[in-house]
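Heads up, the thing below is written out as structure tokens.
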Amino acid sequence: MTNTLFDALFARHAGNDATFLTLDDGSRLSYANFVARIAQLARVLADAGVAPGDRVVVQAPKCVDTIALYGATVQAGAVYLPLNTAYTQSELRYFIEDAAPSLVICDAQDHAKISAVCGAATKVMTLDSQNTGSLSRAANGHPSNFDTVPRGPEDLAALLYTSGTTGRSKGAMLSHKNLLSNAESLTALWRITDADRLIHALPIFHTHGLFVAINTVLLAGSEMRFMANFDVDTLIAELPKSTILMGVPTFYTRLLGDTRLTREHSANMRLFVSGSAPLLAETHIAFEDRTGHRILERYGMTETNMITSNPYKGERVAGTVGYALPGTEVRITDNGTAVDPGQIGMIEVRGDNVFQGYWKMPEKTAEELRTDGFFITGDLGVMAEDGRISIVGREKDLIISGGYNIYPKEIEDVINDIEGVVESAVFGVPHPDFGESVLAAVVLSDTSLAPDEIEELVAPHLARFKHPRRYLILDTLPRNTMGKVQKNLLRQQYQD
Ligand code: MLC
Ligand code: AMP
């Protein structure tokens, strides 16, 4: 029986005694034991009634059982749906209602909060980093083999929610083929092998930490230093023993802020990858000056996995995201028609990496996926004569803070619902650590409403990283003659 993703990433490691990962406490897990743990967890999923195609929602700490659960979900033929651990109950309610999972796995401390938003058809189990949750306990008693559920390339493997410009999150449906084809391209392009040791310091609920990092490690049989949280001291300590780091630009600016980062100290490393947000050319240059390494910048999206990459061998040019990955087509368009090299336009992408559409949103899918298969990214770019791509802006109203996407509309909707608020405009301003940071301009009918009261009313609705860092009380919002709020003026005025 074949299961496209499971066979390629997990099953091949049965009996492989090489180290898969090392944890913060120094303990190691072999590939063979990882695959055995996956089978135990897959049995728990089957016992819980998870059927092929069912969604398994996971909002759990970054630990071994959480990634093993990814493997177990794939082995059981179900669909893995990871959620940011920062989401509040009201955000979770939406995802759980929309995805209608048969099983939700959460941190033991969140059990009551999550159970309250799950209907009778959804079972809740717990998982924590001490392996004492109900899911881990149930798995401990099971044999370490499981009859893999057959799944083909077109079947869904994962559902990842991505916020939308309309304020409603959309579930991006990713098939076995989408994930595997991208992992294969990246592993080959970046020459990842079983001689590599990757420092994993990203969260595992997004494409970057989950698929770009973990799927390539699994495919190549590399070792992973699995950090529970991002921490500069640990990162610095691991550099001499490792070969690859994948991070968001904030990782690199924070590393540069530490004098222990030197050429000698990073001599064992062979590849620093950056993505999820623009890497400033000055960071790229400063990093090369300090370490002798040119950061390899790549570009991707939840809906498409990775789209472009700077070359492994060849020029890695600061401020560019390189070339379309093998098997992936990129075009720059004006209203769907390709423009000439050098002209700015919409970045569109087609290939095995491009998702299957938005979960239960056929009209949204039709708006963003053209009938010829090209996906409209919402990012504006330029392609040089030789195919090298630079991102020059975004058509979508989006703020990227420390690699997390924040859609202003979602925050404006929450602020506008507060009694005494007439309207608001949420926008991003440059931030030295996070790249961009969130501000809110608010117009009040009740002028006694203070910024900290607004924050208090916003807090229960939005994950902390989305909260505006300041509320600016204005008499009116700047508008153009069409009546559209001019966020560019707000950005200019408040950038300092
Ligand atoms: C944390 N905080 C943030 C934040 N991260 N605020 C704004 N933006 C962020 N990115 C806030 C917390 O809410 C908290 O606020 C305070 O900072 C400390 O939290 P922390 O968890 O200790 O922060 P830290 O560990 O320093 O986290 C920073 C970070 C993290 C950069 C390590 O944000 C991170 O791991 N980012 C990576 C995101 C990522 O994986 N993106 C990939 C998306 S996939 P307070 O006020 O309570 O103290 C994608 C596709 C692609 O985009 O191409 O890859
Ligand atoms: P997400 O929806 O979280 O998957 O984020 C995808 C978005 O992140 C893209 O549409 C881009 O706007 C942005 N992004 C990813 N990588 C890069 C990069 N290297 N440079 C600039 N923006 C990037």
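Taken over the alpha carbons of the chain as equal point scatterers, the Debye sum produces base-10 log I(q)/I(0) values at 0.09, 0.11 Å⁻¹ of -0.63, -0.97. So what's the gap between the Cα centers of segment 277-355 and segment 432-496, to the nearest angstrom? About 31 Å separates the Cα centre of segment 277-355 from the one of segment 432-496. Along the Cα-to-C-beta direction of D496, a point sits 7 Å from the Cα; which residues of segment 272-303 have their amide N less than 19 Å from that point? Nothing falls inside the zone, counting backbone N under 19 Å. Relative to one another, the C-alpha centroids of segment 1-72 and segment 125-159 are positioned 6 Å apart.
Placing +1 on each Lys and Arg Cβ and -1 on each Asp and Glu Cβ, with no other charges, gives segment 218-296 a dipole about its Cα centre of roughly 140 debye.
Its DSSP H runs of at least 4 residues, each contributing -39,500 (n - 2.57), put the calculated 222 nm mean residue ellipticity of the chain at -7500 deg cm²/dmol, to the nearest 500. The residues E329, E154, E264, sorted by heavy-atom accessible surface at 1.4 Å with ligands and nucleic acids left out, run E264, E154, E329 from largest to smallest.
Remark: C-alpha extents of segment 129-247 on the principal axes read 43, 40, 32 Å, sorted largest to smallest. The dipole here belongs to segment 311-460: it is taken about the Cα centre, uses +1 on the Cβ of Lys and Arg and -1 on the Cβ of Asp and Glu, and is about 900 debye. Here each label is just a point 7 Å from Cα along the line to Cβ, and for A463 and Q89 those points are 1.9 nm apart. Rounded to the nearest 20, the Cβ-based charge dipole of the chain about its Cα centre (Lys and Arg +1, Asp and Glu -1) stands at 920 debye. Under the shape rule built on the C-alpha gyration tensor, where the axes satisfy a ≥ b ≥ c, segment 400-496 is oblate, since a/c reaches at least 1.5 while a/b does not exceed b/c. Overall, the accessible surface of the chain at a probe of 1.4 angstrom is composed of carbon and sulfur to the extent of 49 percent. Rg/Rh, computed from the Cα trace of segment 308-464 with Rh as the Kirkwood radius, has the value 1.07.
Of N178, H206, L219, whose Cα points farthest to the positive end of the dipole of segment 151-303 (charges on the beta-carbon: +1 Lys, Arg; -1 Asp, Glu; origin at the Cα centre)? Projecting each Cα onto the dipole axis, the largest value belongs to N178. The distance between label points at N229 and T447 comes to 4.3 nm (points 7 Å beyond Cα on the Cα→Cβ vector).
Ratio of Rg to Rh for segment 180-311: 0.93 [Cα atoms; Kirkwood radius as inverse mean 1/r over pairs].
Each of Y31, S401, V443 was placed along the dipole of the chain (beta-carbon charges, centred on the mean Cα), and the one lying farthest toward the positive end is Y31. What does a probe at D24 reach in segment 54-98, counting residues whose amide N is under 14 Å from the point 7 Å along Cα→Cβ? Within reach of a label on D24: 61-64. Once you list every other residue whose beta carbon is under 10 Å from the beta carbon of F6, what net charge do they have if Lys and Arg are +1 and Asp and Glu are -1? Computed value for this residue: +1.
Taking every lysine pair in the chain that is 8 or more places apart or spans two chains, those with Cα atoms closer than 14 Å amount to 9.
When you restrict to C-alpha pairs under 8 Å that are six or more residues apart and normalise by the size of the chain, the relative contact order lands at 12 percent.
The values are calculated or read from the model by the stated rules, or taken from the named source; none is laboratory data. As the structure is a prediction and not an experimental result, all values here were calculated from the model. Please note: Cβ atoms are built from the backbone with ideal geometry, for glycine as well, and neighbour counts cover all protein chains shown. Accessible surface is based on the protein model in full, side chains and every heavy atom, while ligands, DNA and RNA are left aside. Shrake-Rupley method; radii C 1.70, N 1.55, O 1.52, S 1.80 Å.
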